[in-house]
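Notes follow the structure.
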Amino acid sequence: MARYNDASCRLCRREGEKLFLKGTRCYTEKCAMSRPKRSYAPGQHGQAKKKQSEYCMQLREKQKTKRYYGVLEKQFHTYFEMANKKSGVTGENLLILLERRLDNVVYRLGLGSSRAEARQLVLHGHFTVNGKRVNIPSYLISANDVIAVCEKSRTNARITEILDVTSGRSIPEWLSFDADKMQGTVLTYPKREDIDLPVQEHLIVELYSK
């Protein structure tokens with residue numbers, strides 16, 4: 001399986017905004033985007049001023065969205081095809097499908113400081129969905145699903161630390177979380193207004209429609 005192994009901060013610098021790929025570090029002065037000397041795009045041509053074409057803007061929006069959710073090109077295109085077959089607005093359907101990924105839901109519930117960490121915890125089998133252990137980050141949750149920390153993992157030092165760090169993080173309205181039971185419930189599918197990412201999904205649709 002292909003995997004990005006370079007520095008995560010390079011991705012934020014390339015897109016010109018914080019993608020919150022490194023959890024709590026992104027909220028500190030250590031974040032590359034918080035330092036003016038490193039806020040330009042990486043590479044020897046990173047500081048060059050370029051006029052963006054229509055295609056470039058569409059491509060950058062797609063790349064930014066992929067990086068937010070931590071999915072690769074083939075999988076992202078599969079989500080687009082699924083969204084295009086559904087009734088409704090294709091761009092909104094795409095974002096809703098990405099939000100329904102198990103690793104994203106774990107992150108939204110505050111059980112991971114970043115989506116990358118949530119994905120790793122899911123892969124290691126720390127969570128159950130409706131009482132059944134699931135270790136597939138791309139698993140699509142449904143309304144009324146219950147996501148919980150496994151019984152054996154509730155004393156895990158890292159998970160306890162994560163809950164302390166994310167205790168003040170707001171939970172989306174389409175989810176509910178019980179910290180005492182270490183479990184969350186999917187109340188309904190998310191709507192576009194529930195997704196707080198600065199994404200212009202219509203540009204992605206335009207790119208794939210060429």
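The values are calculated or read from the model by the stated rules, or taken from the named source; none is laboratory data. Everything numeric here is computed off the predicted structure, so don't read it as measured data. Here Cβ is always computed from backbone atoms with ideal geometry, including for glycine, and neighbour counts include all displayed protein chains. Accessible surface areas use protein heavy atoms only, side chains included; no ligands, DNA or RNA. Shrake-Rupley method; radii C 1.70, N 1.55, O 1.52, S 1.80 Å.
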Does the range 157-173 contain any residue that is within 27 Å of Gly88 (Cα to Cα) and part of a helix (DSSP H, G or I)?
-> no
In the range 67-109, what count of residues is obtained for those that are under 29 Å from Ser167 (Cβ atoms) and without any contact (Cβ under 8 Å) to a residue 24 or more places away in the chain?
-> 1
Which residues, counting only those in the range 114-136, are within 19 Å of Ile195 (Cα to Cα) and open to solvent by less than 20 Å² (accessible area, probe 1.4 Å)?
-> Ser114, Arg115, Ala118
Out of contact with any Pro (no Cβ under 7 Å at 6 or more places or on another chain), at pLDDT below 60 and of a type in the set (Val, Ile, Thr): does that describe Thr78?
-> no
Exactly one of Val134, Val149, Val129, Val122 is touching a His at 6+ places or on another chain (Cβ under 9 Å), of a type in the set (A, V, I, L, M) and under 18 Å from Asn104 (Cβ atoms), and that one is Val149
Whichever residue in the range 53-66 is crowded, with 19+ Cβ neighbours inside 10 Å and in contact (Cβ under 8 Å) with a residue 12 or more places away in the chain and, among such residues, is farthest from Val134 (Cα to Cα) = Gln58
Test result for Ser153, small (Gly, Ala, Ser), modelled with pLDDT under 95, in contact with a strand residue (DSSP E or B) (Cβ under 9 Å, 6 or more places away or on another chain) and open to solvent by less than 50 Å² (accessible area, probe 1.4 Å) = yes
When (1) closer than 27 Å to Glu73 by Cβ; (2) surrounded by 15 or more Cβ atoms within 10 Å (Cβ to Cβ) are applied to Tyr189, the one that fails is (2)
Please identify the pairs in which a residue from the range 132-148 that is free of Cβ contacts under 8 Å to residues at least 24 places away in the same chain and part of a loop (DSSP other than H, G, I, E, B) has its Cβ atom under 6 Å from the Cβ atom of a residue that is open to solvent by 40 Å² or more (accessible area, probe 1.4 Å) and not aromatic (Phe, Trp, Tyr), counting only partners at least 6 apart or on another chain.
-> Asn135/Leu123
Output for the range 96-115, where each listed residue is assigned to a helix (DSSP H, G or I) and touching a Ser or Thr at 6+ places or on another chain (Cβ under 8 Å) = Leu98, Leu102, Asp103, Tyr107
